[in-house]
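Structure, as C-alpha cells:
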C-alpha cells in the first residue's frame, strides 16, 4: 500500500435532454419573467471592435436530419486575438466583447445563428499563431457528453494551412469539416455527428 | 487579465485529461436517441491551448434575488410552487479537492408531478401555474452553492415501451476554463428508478453513478419547512505550472 493521491473524479456527464431550453434559454421557450434575457444571446454591441459576421450553424444526425433540440455555445477571442478571461495574461480584451455566445437551434429549421465578430489569431503553446477560430460546444438529447469542435474560416486559407491543430488531423480529407464557408458576411457551418462527412471532434 | 486588486494567481495550468471510461460513451444503444447522434470516429486529442484554458467570468451582479428559489421565481405574488419543498446545497470542487469559486450553475427540472414547462412535453401530469423550472447560482469563495425548489417527479418517456426517468435535476456547470464545461444530472438517494434508467445505464462504473446521487442531509434541513439534499460537483483539475518550463517548440 501507498498513500492515497487524494484526487477526486470528475462528475460524470449526463445528456442535456430535450428540455435544455428551460434551464439555459428560458425566454426562448416561453418561460418569461424569471431572467431579463437569455444568457449569451447577444454577443456584440455598437462599441465592439471588429468585423461583424454571422455564423449559421446546423447540427445533423446520422440520417442528415438537422437537430431541432440542440444547444450550441461558442467561445472566441476578440478582434485582436485576446480572450476576455482571467487566464489571459497577454493583455486586456475589448471590454465590449465577452467572447461567449449561446444559442438553441431553431425548433423548426434546426438553424442556429450567432451574430459576432471575427476573432483575431491566438498563439499556440509554442508561440506560433493559430488560425482564427471559434470553439464550439454542442449538447442535445442523445448526446451523452458535450461535443467539442472548432469553426475555422474559409477565407483564411493561409492561416489555416499553418494552424497547428488542423495540422494534427491525420486524415487530411477530414480537415474541411472544420471550415465554415463564407457567403457575404455569413459563415455557413454544418456539423455532421456521423457519416462520411463526420465533423472532427476533439478531446482536449 | 486578473481583476485589478486581486491577489489570486491566475490559473493557467492545463486541465487533467478527461477519463472517458468514467463518463458515458457517446454511443449507448439502450438510450435510443444516442444511436444517430453519437460520433463514430475517434476524437482527435491535443493538449490544451489558450482557447480551452480560458473562459468567461460571470459575476454575482447578474443574479436576481429569486434566481436560486424555484419555489417563487415563477410564482404569482404571494403564491408558491406545489410539491415537497427541498433545499439542494453542496460545493463545486476540482479534481484536487479544492473548492471552485465563481462557477455559474444553471438548473432545470420537471415539476412535482413530473411535467416540464415545455411545448415538447406532452405528459398528462398537469403544469403548475406557479412553477417555471429554472434557476441559477454562482458559487462562493469555498465553491459552495444552495437553492430552493420542489422535488421533481419521475416521468415516463418514449424510449422503451415503459421507461421512466428517475426524479432528477439537470445541472449546467460553467467553471473557469471552457474545457471544464459540463452538463450532468442529480438523482435522489433511494430512488429505485435510478438503476432502471437507460440514460443512467450509459455509465458503466457503479461508483460514477453513485457520484450523481444526492443524499438526504438532515443537518441542512429547515425544520417545519424543507428537507435538504447535498450534491457536490467535481470539475476537471488543473496541472500545477510551478515547475513547468516552456522551451520553444514544446
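The values are calculated or read from the model by the stated rules, or taken from the named source; none is laboratory data. Owing to the predicted nature of the structure, the values given are computational and were not obtained by experimental measurement. With ideal geometry, Cβ positions are generated from the backbone for all residues, glycine too; neighbour counts draw on all protein chains shown.
Let me confirm something: among A:87, A:131, which residue is assigned to a loop (DSSP other than H, G, I, E, B), touching a helix residue (DSSP H, G or I) at 6+ places or on another chain (Cβ under 7 Å), without any contact (Cβ under 8 Å) to a residue 40 or more places away in the chain and more than 10 Å from chain B (Cβ to nearest Cβ)? None of the others qualify; the one that does is A:131. Would you pick out the residues in region A:134-146 that are under 25 Å from residue B:12 (Cβ atoms) and either part of a strand (DSSP E or B) or more than 7 Å from chain B (Cβ to nearest Cβ) (or both)? Across region A:134-146, the qualifying residues are A:134, A:135, A:136, A:137. Taking region A:14-25, which residues are crowded, with 24+ Cβ neighbours inside 10 Å and either over 14 Å from residue B:33 (Cα atoms) or without any contact (Cβ under 8 Å) to a residue 24 or more places away in the chain (or both)? Matches in region A:14-25: A:20, A:21, A:22, A:23, A:24. Remark: residue B:65 falls outside the filter, which requires a residue to be farther than 30 Å from residue B:202 by Cβ and either outside any loop (DSSP other than H, G, I, E, B) or modelled with pLDDT under 95 (or both). Filtering A:157, A:181 for residues that are free of Cβ contacts under 8 Å to residues at least 24 places away in the same chain and either in contact with a strand residue (DSSP E or B) (Cβ under 7 Å, 6 or more places away or on another chain) or under 20 Å from residue A:77 (Cα atoms) (or both) leaves a single hit, A:157.
Based on this model, can you work out whether residue A:17 counts as facing another protein chain (nearest Cβ under 7 Å), within 26 Å of residue B:103 (Cβ to Cβ) and not in a loop (DSSP other than H, G, I, E, B)? Step through it out loud before you land on a result.
Details: facing another protein chain (nearest Cβ under 7 Å): yes; within 26 Å of residue B:103 (Cβ to Cβ): yes; not in a loop (DSSP other than H, G, I, E, B): no.
Here the answer is no, as residue A:17 does not meet what is asked.
Please find, within region A:41-69, the residue that is farthest from residue A:118 (Cα to Cα) out of those that are at the interface with chain B (Cβ under 9 Å from one of its Cβ atoms) and surrounded by 15 or more Cβ atoms within 10 Å (Cβ to Cβ). Among them, the one singled out is A:62. One residue stands out among those in region B:42-55 that are in a loop (DSSP other than H, G, I, E, B) and touching a residue at least 24 places away in the same chain (Cβ under 8 Å): the one that is surrounded by the most Cβ atoms within 10 Å (Cβ to Cβ), which is B:54.
For region B:162-215, which positions are farther than 17 Å from residue B:230 by Cβ, facing another protein chain (nearest Cβ under 10 Å) and in a strand (DSSP E or B)? Scanning region B:162-215 gives B:165, B:170, B:172, B:174, B:182, B:183. Of the residues making up region B:233-250, just one is more than 8 Å from chain A (Cβ to nearest Cβ) and either part of a strand (DSSP E or B) or modelled with pLDDT of 95 or more (or both), namely B:238.
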